Each structure stands twice: as structure tokens, then as C-alpha cells.
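Colleague: My structure is below; once you've seen it, I'll send some questions.
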């Protein structure tokens, strides 16, 4: 199953929330990204079916190994791209919004080149 941008966003959100609080539920995801509970429930169901997310009996979400791998990749892209844009003089809100769009469409090769340049390697 190939994830679309929205699926990647859900995984990234679960990762971010789990860093702040180990207990992440669908309602937390809905509040964080501003989507309705039914929309998030439907998306989480698809992510569970795809093997990216697990939900325990109490409704707490955890990322599978594959889900975590994708979430960390997207989060790294977001962090680096927004940081670079801010370094170039873009305000934080715009940099974050633009990074959120770019993180899903940039190729691995282009991101690795940007990362290499940013880290001075």
C-alpha cells in the first residue's frame, strides 16, 4: 500500500504527539491537525489495515516499525526544510507551512542533496 500525503501526515502527527506524551489516541490526532473525529477514525482504520499503526483495547495508537520509519522520514524533512527556510529569512509560520507541503513531494535524492548541503558535508 502506497501512502498518500494525508497518510504521511497522520503518521508524522502520531510521532510528534508520542514524543510529547506516550499515550496518543485518535481524538488527540484530530485535535492536533484540526480534522473531524470521523475523518481521523477512517484514516486510522486505513493505516491499521496497511500495517502502519496499531491500536490497543483502550484506543491508544502506536506506530509499527514501518509506520515509524515513514513518520521519522517525513518529520526529518519537515524539520530540516523549515529550518533552512527560516535561515533564509522566511518567517516561522510560512516556513513551517511550506515545509509541510514540500516534505511530501521532494524526491529522496533531492532531499539527501539538500541535507548534505545544510549539514556542510
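No value in this document is a laboratory result; all are computed from the given coordinates. From a predicted model like this one, the values you see are computed outputs, not experimental measurements. Ideal geometry is used to build each Cβ from the backbone, glycine not excepted, and the neighbour counts take in all protein chains shown.
Colleague: Looking at the chain as a GNM with Cα springs under 10 Å, which of 74, 44, 106 has the largest mean-square fluctuation?
Modeller: 106
Colleague: Using alpha carbons only, how many degrees (0 to 90, rounded to 10) separate the axis of helix 108-118 from the longest principal axis of the chain?
Modeller: Computed tilt is about 50 degrees.
Colleague: Assign one of three labels to the range 1-73, namely rounded, prolate or oblate, based on the Cα gyration tensor with a ≥ b ≥ c the square roots of its eigenvalues; rounded applies when a/c is under 1.5, prolate when it is not and a/b is larger than b/c, and oblate otherwise.
Modeller: Rounded is the answer for the range 1-73, as its axis ratio a/c remains below 1.5.
Colleague: Quick check: from the Cα gyration tensor, does the range 36-121 come out rounded (a/c under 1.5), prolate or oblate?
Modeller: Prolate is the answer for the range 36-121, as a/c is 1.5 or above and a/b outweighs b/c.
Colleague: To the nearest 0.05, how large is the calculated FRET efficiency for residue 84 and residue 36 if R₀ is 35 Å and r is the Cβ-Cβ distance?
Modeller: Details: r = 33 Å, r/R0 = 0.95.
After rounding to 0.05, the efficiency reads 0.60.
Colleague: Quick one: helix 92-105 against the long Cα principal axis of the chain, what's the angle to the nearest 10°, folded into 0 to 90?
Modeller: That helix lies at roughly 80 degrees to the long axis.
Colleague: Something else: Calculate the spin-label point distance for residue 54 paired with residue 92, positioning each point 7 Å from the Cα along the beta-carbon direction, and give it in nanometres.
Modeller: With each label point 7 Å from Cα toward Cβ, the separation is 3.6 nm.
Colleague: Tilt of helix 37-49 relative to the longest C-alpha principal axis of the chain, in degrees (0 to 90, nearest 10)?
Modeller: So the helix axis and the longest Cα principal axis differ by about 90 degrees.
Colleague: Could you check the spin-label model distance between residue 109 and residue 73? Points 7 Å from the Cα along Cα→Cβ, value in nm.
Modeller: Going by the 7 Å Cα→Cβ label model, 1.6 nm.
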